[in-house]
């Protein structure tokens, strides 16, 4: 998917395959148009000057543990003991002693 050429029908088919989606012949061009529109919007955003905008990687720094207008706060990140693995595995319907066993739900 090169930036200049945009998304091709082949790209749409590959992404659909990877996402395990079955697109009809009518849906493929619509998906191509939508994906190219999204990439166009992203290109517009990339043109914005953000050099004076501070990064907001950690919302917790903004909240800082104080109460806000809706009453939300962030809890302190404290290490606490976890559940006992043997007790959890003993209560599981099926396990190998280390992991839960679950039925396969996705088939290709």
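The values are calculated or read from the model by the stated rules, or taken from the named source; none is laboratory data. Values in this document were obtained by computation on a predicted structure and should not be read as measured data. Cβ placement follows ideal geometry from the backbone for every residue including glycine, while neighbour counts extend to all protein chains displayed.
Given (1) assigned to a loop (DSSP other than H, G, I, E, B); (2) out of contact with any helix residue (DSSP H, G or I) (no Cβ under 9 Å at 6 or more places or on another chain); (3) modelled with pLDDT under 80, where does residue 81 come up short, assuming only one miss?
Against the list (1) assigned to a loop (DSSP other than H, G, I, E, B); (2) out of contact with any helix residue (DSSP H, G or I) (no Cβ under 9 Å at 6 or more places or on another chain); (3) modelled with pLDDT under 80, residue 81 comes up short only on (3).
State the number of residues belonging to the range 15-57 that are under 22 Å from the mean Cα position of the chain (by Cα) and not in a loop (DSSP other than H, G, I, E, B).
Final tally of qualifying residues: 18.
So the check is Cβ under 7 Å with 6+ separation or different chains; which pairs have a first residue in the range 36-58 that's modelled with pLDDT of 95 or more and a second one that's surrounded by 10 or more Cβ atoms within 10 Å (Cβ to Cβ)?
36/6; 36/7; 39/6; 39/7
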